Structure formats: C-alpha cells, structure tokens
Amino acid sequence: MGETAMAASHRRNLREEIALYLTAARCFRDLLARLPVDGWDRPGLGEWSIRTLAGHTSRALSTVLTYLDRPADRVEVESAAAYYRTPGLASSPEVTPRAVQAGEQLGDEPVAAVDAMLARLEARLPQETDRVISTVAGGMRLGDYLPTRIFELAVHSLDLAAACGTEVRLPADVELAAGELALRIAVGRGDGAALLLALTGRRSLPQGFSVV
C-alpha cells in the first residue's frame, strides 16, 4: 500500500481533526496561563527564550487563520507526514525570526492574545470544508494540515513545560494523534523499523534521532 493510500485509510474526518486541534490549542492556552509571569526571558529551547518558544507554538494557531484566507488550486502535499519531508522546512533560516516576531506579538498579555486567536478559530473552523489551502510547504487539504498543527502544539507544549519546570498533561487523544503522525513521518523516512524496535525495548535510537 502506498503512502497516500495508507494515509487515507487511517484518516480522521475533518470534524474530528478540528475537534482534536482545538483541544490541543486549549491545552496550550491553559499551559500559558500557568507559566511564571517573570520567566518570559528565561531559556526555552536551544537559543530560544520561553517567549520565542511560546511565539513559535502560537504560530500553530495564527498560520491556520492565515492559510484559511489563502485558497490553493491544487494539492501539492498529500499528507501531514509528507509536509515534514518538505526540503528545508525545519532548517529554514526564517524559522527563528518568525518565532521571535510571534513571541513579541503575544505582547504583555500572552494568554489574552491566544484567547483572541482561539475565539476566531472556534468561530470559523466548524464552518469549513476540507478544501485546499496554501501552506508554506504548498497546497494541502485543511484536514491534512491540521494534524501538523496538533503535532506542533503537543510537542512544544511539552517543551514549554520542561523549560518552566512545570508539568502538562496532554489529552490522550492529542498524544495519540501526535504519536501516530511521528510514526508516519518515521516510516516515510525509512526509520519505521528503528522506531518500532526502540519502542519495544529492543534497540536504542541513535543520539539526536528525530523524525523532524
């Protein structure tokens, strides 16, 4: 079975993707509300401060709002896993400047800024169809793009919690959705067996292994 057929056979419908996405977004919002108010300049992830990391995570909301207003003529990226195999996507020199800018745009009341985006998403997404939108990787169906945002919200919520020395309990369905996508990315890269062996305690992954 090819990747496109495999993805289609396990794909959630758009209503389910929207519900999962909004659940992940609310979890991120609730985590932000618990972060230390004086900790925004502390180290977050690598060279990023907590504000920059939070800004990058908030782009999982803002990009959906932006891309909904950018229809595309055709599908160029056929799955969420294929999105992460777009050449140069993760290593683009624009990633950090965009994250810094997004962090600054959260302003002095980051939770209120996220609440405003959430309100727009909650009002708009239930009215949407599974149409093709323009993303940074190319034209994608909305139902294929949302899982990438669930993945980003889940992983970076964990990053934020770790950076702030707090805990976050991701909803089980969000964990499952993010984990499924991680496995699909690994399989698409030819790393599925290595990941399966590691998950079953048979072999360790190489240092620095990542699916993205």
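Extension gain for the segment Arg131 to Val155, taken as residue separation times 0.36 nm less the Cα-Cα distance, is 6.0 nm to one decimal.
Applying the Karplus relation 6.51 cos²θ - 1.76 cosθ + 1.60 with θ = phi - 60° to the range 11-23 yields 3J(HN,Hα) values of 6, 6, 7, 4, 4, 5, 5, 4, 4, 5, 4, 5, 4 Hz, where x marks Gly and Pro. Based on the alpha-carbon gyration tensor of the range 52-110 and its eigenvalue square roots a ≥ b ≥ c, which shape applies: rounded if a/c is under 1.5, prolate if not and a/b is larger than b/c, or oblate? Taking the square roots of the gyration eigenvalues as a ≥ b ≥ c, the range 52-110 is oblate. Were the residues from Thr166 through Arg15 laid out at 0.36 nm apart, the gain over their Cα-Cα distance would be 51.2 nm. Under a 5 Å amide H cut-off, with hydrogens placed 1.01 Å from N, Leu205 pairs with nothing among residues at least 5 apart or on other chains. For the chain, adding -39500 (n - 2.57) for each run of n ≥ 4 DSSP H residues and dividing by the number of residues yields -19000 deg cm²/dmol at 222 nm.
The trypsin sites (Lys or Arg not before Pro) found in the range 152-212 that occupy coil by DSSP, while having at most 13 further C-beta atoms within 10 Å, are Arg169, Arg202, Arg203.
For the range 169-212, the Stokes-Einstein estimate of translational diffusion at 37 °C and a viscosity of 0.692 mPa s comes to 295 µm²/s, using the Kirkwood hydrodynamic radius over alpha-carbon pairs. Considering only Leu106, Met117, Leu68, the residue lying farthest towards the positive end of the dipole of the range 36-157 is Leu68, judged by Cα position with unit charges set on Cβ.
In a simple Cβ point-charge model (Lys, Arg +1; Asp, Glu -1; nothing else charged), the chain has a dipole of about 440 debye relative to its Cα centre. Extents of the range 80-212, taken as max minus min of Cα coordinates on every principal axis and listed largest first, are 46, 39, 33 Å. Karplus-derived 3J(HN,Hα) values for the range 79-92, using 6.51 cos²θ - 1.76 cosθ + 1.60 with θ = phi - 60°, are 7, 5, 5, 5, 4, 6, 9, 5, x, x, 4, 6, 9, 4 Hz; glycine and proline are entered as x. Close amide-amide hydrogen proximity is noted between Ile133 and Ala72, Met140, Arg141, Leu142, each under 5 Å apart and 5 or more residues distant or on a separate chain (H modeled in the peptide plane; Pro and chain starts excluded).
Taken one residue at a time, the phi angles of the range 156-164 give Karplus couplings (6.51, -1.76, 1.60, θ = phi - 60°) of 7, 5, 5, 4, 5, 4, 5, 5, 9 Hz. Gly and Pro are set to x. Annotation for the range 33-136: trypsin sites (Lys or Arg not before Pro) lying in DSSP loop with at most 10 further Cβ atoms inside 10 Å of their Cβ are Arg74.
Amide H contacts for Ser49 (H built 1.01 Å from N in the peptide plane; partners 5 or more residues away or on another chain; cut-off under 5 Å): Gly44. Excluding ligands, DNA and RNA, the accessible surface per residue across the range 152-208 is 59 Å² with a 1.4 Å probe. Paramagnetic label reach from Ala119 (point 7 Å along Cα→Cβ; backbone nitrogen cut-off under 18 Å): within the range 58-72, residues 61-62, 65-66. Relative to one another, the C-alpha centroids of the range 43-106 and the range 126-171 are positioned 10 Å apart. Can you give me the distance in nm between label points at Leu199 and Val212, each placed 7 Å from the Cα along the Cα-to-Cβ direction? Rounded to a tenth, the inter-label distance reads 1.7 nm. Loop-located GluC sites (Glu not before Pro) in the range 85-175 (DSSP state other than H, G, I, E, B) with a sparse environment of at most 13 neighbouring Cβ atoms within 10 Å: Glu94, Glu167.
The values are calculated or read from the model by the stated rules, or taken from the named source; none is laboratory data. No experiment lies behind these values; they were computed from the predicted model shown. Here Cβ is always computed from backbone atoms with ideal geometry, including for glycine, and neighbour counts include all displayed protein chains. For the accessible areas, the whole protein counts, side chains as well, though only heavy atoms, and no ligand, DNA or RNA atoms are used. Shrake-Rupley method; radii C 1.70, N 1.55, O 1.52, S 1.80 Å.
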